[in-house]
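J.: Have a look at this one.
The values are calculated or read from the model by the stated rules, or taken from the named source; none is laboratory data. Note that the coordinates shown come from a computational prediction; the quantities given were computed from them, not determined experimentally. In this analysis, Cβ positions are derived from the backbone assuming ideal geometry, glycine residues included, and neighbour counts consider all displayed protein chains. Only protein heavy atoms, including side chains, enter the accessible area calculation; ligands, DNA and RNA are left aside. Shrake-Rupley method; radii C 1.70, N 1.55, O 1.52, S 1.80 Å.
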Amino acid sequence: EPDFFENCTPVPEPRPGRMPRGDSMNERIYDKLKRKILFLDLQPGETIDEKKIAAEFKVSRTPIREVLQRLEWEGLVDIIPRGTISVASLEYNKIKSTYFMRVHVEGLAGKLAAAYGKPMHVVRIKAVLEQITGIGGEYTPRLLIDFDAAFREILYEATGNAVLKEVSDKLYEQTVRVWLSHVQNDQTNVFLKREFEYLVEEIESAIETIEQKDRDKAEKDRKDIIIRHIKRANEYFMQDIQLY
């Protein structure tokens, strides 16, 4: 049986400057609104006021609409023509399907990272790990997501597949609010601390499999990580998610 990995090379990342990034003000508005949605500063179902956002950034409503349309395409905003604009709800069936897809996408990412990851990727991932272990117990949801994002950026760079990263990021953003929903209201920080511990284990697994070029273990570990996310989502947010 032919080995796919022996007969292909990773897709090169696009060079900086080759793709237009768009207006910088639009990017700032987009980044700020997106973070508010992902960090639940804007709650699922909450109405978004175009005029208020335009006033905040001192711009017309045109760039605000462009940003909101982009967020709608990403599944984070619902726009009713001539009606209301609101943060997308966390719908059971949609989240269930998204988690199902993430299992397989993350498994492929692990396998590709193990196949194509270089020593420099391991060094950078270890640097993120050192930062996490050096925070001294100052756990916050934003730190958790920022560390996770930094790790994911390197892991997906190691895959050499920008298209896979784009797909994964979109799926990730659909489930990250579920991930945060059960830790933001945790006054004891017990759940949040546990999430940091899980992230450390996830990063250590990636380091090991990339160093050893163990594609099969990398794929299994990445799938198991998402399955564990699903189990925690069942525990804290949903009643039942079945993968198969």
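J.: Any chance you could run the full-extension gain for SER97 through THR47? It's 0.36 nm times the residue separation minus the Cα-Cα distance, nm to one decimal.
T.: This chain segment gains 15.5 nm when fully extended.
J.: Can you tell me the accessible area per residue over region 71-111, all protein chains present, probe 1.4 angstrom, in square angstrom?
T.: 50 Å²
J.: Give me the number: length gained by fully extending GLU72 to LYS118, i.e. 0.36 nm times residue separation minus the C-alpha to C-alpha distance, one decimal in nm.
T.: Net length gain for the segment: 12.9 nm.
J.: Leaving out ligands, DNA and RNA, and with a 1.4 Å probe, what % of the accessible surface on region 91-195 is carbon or sulfur?
T.: Summing carbon and sulfur atoms, their accessible area is 57 percent of the total for region 91-195.
J.: How many Å³ per residue does the convex hull of the Cα positions in region 120-162 occupy?
T.: 48 Å³
J.: How high is the FRET efficiency between GLU130 and ILE227 when r is their beta carbon distance and R₀ equals 22 Å, given to the nearest 0.05?
T.: 0.20
J.: I need the Debye-formula profile for region 18-117: one equal scatterer per C-alpha, no solvent, reported as log10 I(q)/I(0) at q = 0.11, 0.16, 0.17, 0.19 1/Å, two decimals.
T.: Log-scaled intensity ratios, in q order: -0.45, -0.80, -0.87, -0.97.
J.: Once both labels are modelled 7 Å past Cα along the beta-carbon direction, what's the LYS213-ALA55 spacing in nm?
T.: Modelled inter-label distance: 6.2 nm.
J.: Let me ask you something else. On alpha-carbon atoms, Rg over Rh for region 67-107 using Kirkwood Rh?
T.: 1.10
J.: Next question. With every protein chain left in place and a probe of 1.4 Å, what is the accessible surface of ASP221, to the nearest 10 Å²?
T.: Counting only protein heavy atoms, ASP221 exposes about 30 Å² to solvent.
J.: Hey, another quick one. Which whole-number value in Å² is the accessible area per residue of region 147-234, probe 1.4 Å?
T.: Computed with neighbouring chains in place, this is 42 Å² per residue.
J.: Here's something else I'd like to know. Kindly flag which residue pairs out of LYS34/LYS111; LYS51/LYS170; LYS118/LYS213 have an alpha-carbon separation exceeding 21 Å in this structure.
T.: LYS34/LYS111; LYS51/LYS170
J.: If each residue of separation counts as 0.36 nm, what is the full-extension length gain between GLU27 and GLU204 once their alpha-carbon separation is subtracted?
T.: Between GLU27 and GLU204, full extension yields 60.4 nm more.
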